[in-house]
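I have placed the structure first, in the form of structure tokens, so that the comments after it can refer back to it.
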Amino acid sequence: MKKRYVYMLLLPGMLFLLLFMIVPILLTIGSTFFQQGSFTLAGYLHFLTDSYFLKILWTTLRVSLVTTLVCILIGFPAAYYLSKLGPRKKGILLALAIFPLLTSSVVRSFSWMVILGKKGLINTLLVAIGLTDEPLDILYTPTAMMIGLVHLFLPLIIITLVGVMENIDPDLLKAAESLGASRFTAFRKVILPLSVPGLIIGSILVFVGSLTAYTTPALLGGKQRVISTFLYQNAMTLNDWYYASVVATIMIAITFIVIGVMNKLAMKLNPKG
Amino acid sequence: MALLSLENVSVAYENQLILKDFNLQVEKGELISLLGPSGCGKTTTLRLIAGFLEAKQGAFLFQDKDYTRVPVNKRNFGFVFQSYALFPHLSVFDNVAFGLRLRKVKEADIVKRVGQMLEVVNLSGFEKRFPKELSGGQRQRVAIARALVIEPDLLLFDEPLSNLDANLRVNMRVEIRRIQQELGITTVYVSHDQEECFSISDKVAIMNKGVIEQLGSPAAIFKYPKTEFVARFIGFTNFLNGSERQERDGQVELKVAGHSFLIASQAGNEGRTGKKCAIRPDDLQVEAGHGSTGEPNRLNGIVKISTYLGRSYQYVVETALGNFTVNQEMDTPYQNGQQVSLVFPREKLVLVD
């Protein structure tokens, strides 16, 4: 094949994306600025002054942020351990780590309901050993959502971090140590900054994933709404497609803002990319 | 007392013993290289000295103190890696300053000392560059500056030139030797390149299978290899296995299957009691036609292979004692199958164990 036609290989995929993703998204966004044929920002004003919606927005951001932080805290050491292993052990353990992504989120959420419920595993245990008299409210709270989301997205951050950490020359740690750094200092001054790209990509994946997740918050959150469940409610229960589109646009905007901010952060932390 | 001393050290890696009862002494201010084929234990020895590996048995003494259990970061040794191991996220300045910052040196002093060190390695003006913006030789010099700026008590090199191209390698080894002598810093240098080791070292230790086969000055090893392994490693290809040995008139006579070889006794060669001797292809001489059979140090044969080497011709000559390789400068080469006789000059034959 002639070289200049190689880009044609992209065509089927691009066409698909254009027709079934980009055009519908643009139409959705466009439709939010028009009511009865005239330009308006009424939809946005309605939401941004509505304390109920702002509370949902805040819950969503809080859940996503905490989920991301917890994923980093758990995922970083795990990924570092995995990156040090031989290929065989690493393959097996990585496959295990990815396992949550391979199960249906409905099944996964139901098992968390069994574990977290009033008569669930945790509460039964806590009451039995006398740590609490009354079962705790865990299920149907933001905490339950976070637990479910961490379980879902932890593999993403582990995979991206392992990918980055594997490519860090092990001699760098030795070099730092020979120059007088303790193990911990060497880790902090060498491994940590060199892991930033993986940390940023992983965090974006987890944060955006948590922000837009539907099944897990819907099943574990109960009456507690997040943006995605609120959007669903508007569209399907209230049949209000206009407000649903406005919520969707706000969600897209937040996603882009988050990615932008994280990229800026990455540039700042790692000037040489 | 030696500055550095490894005493009966054993090191195992994944249940495989790499060094066993290993001994090595290094004097203050000297550059000693460990030379040998891959898997001979030279890098293991270096990493043991650096503290990256722990000895299973034995002791490592440095300045008469037991360093066996001292952690890497408390040893104050400079280490230069084969891969250079520069921190990719730090500029040249910050790479070199890394060790000084850990030592809480004042920022003004850091600027001064890093500047001086970059001058020593000819890299002034490169402070703001990042490692990936440098050539291989420049990276190497940053690595050396980074190891030297902490004023280490010992400098360790792990095959530092093997990633450079041939010309640069020669320049860099001259540089390394110059810096090492200028600063008078005790250095242990590991390489598998014979020429490299011989050209920069005060002493060379030839290693094989976890043991030092010979330790001495480059000239002594080059002229009088002690064992067959060392001889082969430094370019002796011809060996004679004698069955009888006699000493008379200040020379050794070796009988090899009825042929007699006389070997001159020389300083550096004395005290060797083996019945084996070796000679380099360059030192062996070849003459046209067969000579008289009874004459010592002469062997008749025929040319099997002839190869043009540029300055000389190389012949493989088949004799009653096996094949010998000989290099000779000449205008018209011998033909394959031609009758020749080999002459073994008595002062060029070296007794080996």
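Give, to the nearest whole percent, the P(r) tail of the stretch A:42-269 beyond 27 angstrom, counting all Cα pairs.
Distances greater than 27 Å cover 46 percent of the Cα pairs.
If you count the DSSP beta bridges with both ends in the protein assembly as shown, what percent of them are antiparallel, to the nearest 5?
Percent antiparallel among DSSP bridges in the protein assembly as shown is about 80.
Amide H to amide H under 5 Å from B:SER10: which residues, 5+ apart in sequence or cross-chain, H placed 1.01 Å off N in plane?
HN-HN under 5 Å from B:SER10: B:ASP21, B:PHE22, B:LYS56, B:GLN57, B:GLY58.
Highest first, please rank the peptides B:325-336, B:142-153 by the mean number of other Cβ atoms sitting within 10 Å of their residues.
With the highest mean Cβ count within 10 Å placed first, the list reads B:142-153, B:325-336.
Going through the DSSP H helices of chain A, which span 18 Å or more along their own axis at the Cα atoms while scoring at least 0.0 as a mean Kyte-Doolittle hydropathy?
A:51-84, A:87-102, A:142-166, A:192-212, A:241-269
Once you order the gyration tensor axes a ≥ b ≥ c over the Cα atoms, which shape class does the stretch B:96-229 get: rounded for a/c under 1.5, otherwise prolate or oblate by comparing a/b with b/c?
Prolate shape, in that a/c is at least 1.5 and a/b is the bigger ratio.
Project the alpha carbons of the stretch B:236-352 onto their principal axes and report the range along each, largest first, in whole Å.
Here the Cα extents, ordered largest to smallest, are 41, 27, 19 Å.
Taking a temperature of 10 °C and a viscosity of 1.306 mPa s, what whole-number D in µm²/s does Stokes-Einstein yield for the stretch B:178-310 with Rh from Kirkwood over alpha carbon pairs?
The diffusion coefficient I find is 91 µm²/s.
For the stretch B:82-107 and the stretch B:238-286, what is the separation of their C-alpha centers, rounded to whole Å?
Comparing the Cα centres of the stretch B:82-107 and the stretch B:238-286, I get a distance of 55 Å.
P(r) for the stretch B:1-118, please, calculated from all Cα pair distances in 5 Å bins and given in %.
For the stretch B:1-118, the binned pair fractions read 2, 9, 17, 18, 17, 14, 12, 7, 3, 0 percent.
Diagonalise the Cα gyration tensor of the stretch B:4-228 and give the resulting equivalent ellipsoid semi-axes, square root of 5 times each eigenvalue, largest first, whole Å.
30, 21, 15
Give the calculated FRET efficiency between A:LEU54 and A:LEU96 to the nearest 0.05, with a Förster radius of 45 Å applied to their Cβ-Cβ distance.
After rounding, the FRET efficiency stands at 0.65.
Ranked highest first by average number of other Cβ atoms within 10 Å, how do A:194-201, A:107-114 line up?
A:194-201, A:107-114
Just report the Cα centroid separation between the stretch A:160-182 and the stretch A:1-67, whole Å.
Each part reduced to its Cα centre gives a spacing of 41 Å.
Mean 1/r over all different Cα pairs, inverted: what Kirkwood radius does the stretch A:179-253 give, in Å?
Final number for the Kirkwood radius of the stretch A:179-253 is 15.2 Å.
Work out the FRET efficiency for A:THR185 and A:VAL261 from their Cβ-Cβ distance, taking R0 = 30 Å, and round it to the nearest 0.05.
That gives a FRET efficiency of 0.55.
Could you name the lysines whose alpha carbon sits less than 22 Å from that of A:LYS268, not counting residues in the same chain fewer than 8 places away?
A:LYS189, B:LYS128, B:LYS132
In bins 5 Å wide, starting from 0, what share of all Cα pairs of the stretch A:67-122 does each bin hold, as a percent?
Pair shares across the bins are 4, 16, 15, 19, 21, 14, 8, 3, 1.
Across the stretch B:106-121, in residue order, what do the Karplus-derived ³J(HN,Hα) couplings come to in whole Hz, using 6.51 cos²θ - 1.76 cosθ + 1.60 with θ = phi - 60° and x for Gly and Pro?
Computed from phi, the couplings for the stretch B:106-121 are 5, 4, 4, 5, 4, 4, 5, 5, 5, x, 4, 5, 5, 5, 4, 9 Hz.
Taking each residue of B:80-92 in turn, how many C-beta atoms of other protein chains fall within 10 Å of its C-beta, and what is the average?
5
B:GLU107 to A:VAL106: FRET efficiency via 1/(1 + (r/R0)^6), r the Cβ-Cβ distance, R0 41 Å, to the nearest 0.05?
0.10
If the reach is capped at under 25 angstrom between alpha carbons, list the lysines near B:LYS275, excluding any in the same chain fewer than eight residues apart.
In chain and number order, the partners are B:LYS209, B:LYS223, B:LYS226, B:LYS255, B:LYS348.
Using the Cα centre of the protein assembly as shown as the reference point, and only Cβ charges (+1 on K/R, -1 on D/E), how large is the resulting charge dipole? Debye, rounded to the nearest 20.
Once rounded to the nearest 20, the dipole reads 1760 debye.
Which far-off residues, 5 or more places away or on another chain, put their amide H under 5 Å from the one on B:THR319, with H placed in the peptide plane?
B:PHE324
Throw me the Rg/Rh for the protein assembly as shown, computed over C-alpha atoms with Kirkwood Rh, two decimals.
Rounded to two decimals, Rg/Rh equals 1.17.
No value in this document is a laboratory result; all are computed from the given coordinates. Bear in mind that the values here come from a model prediction, so they are computed numbers and not experimental data. Don't worry about glycine lacking a Cβ; one is built from the backbone with ideal geometry, like all the others, and counts go over all protein chains shown.
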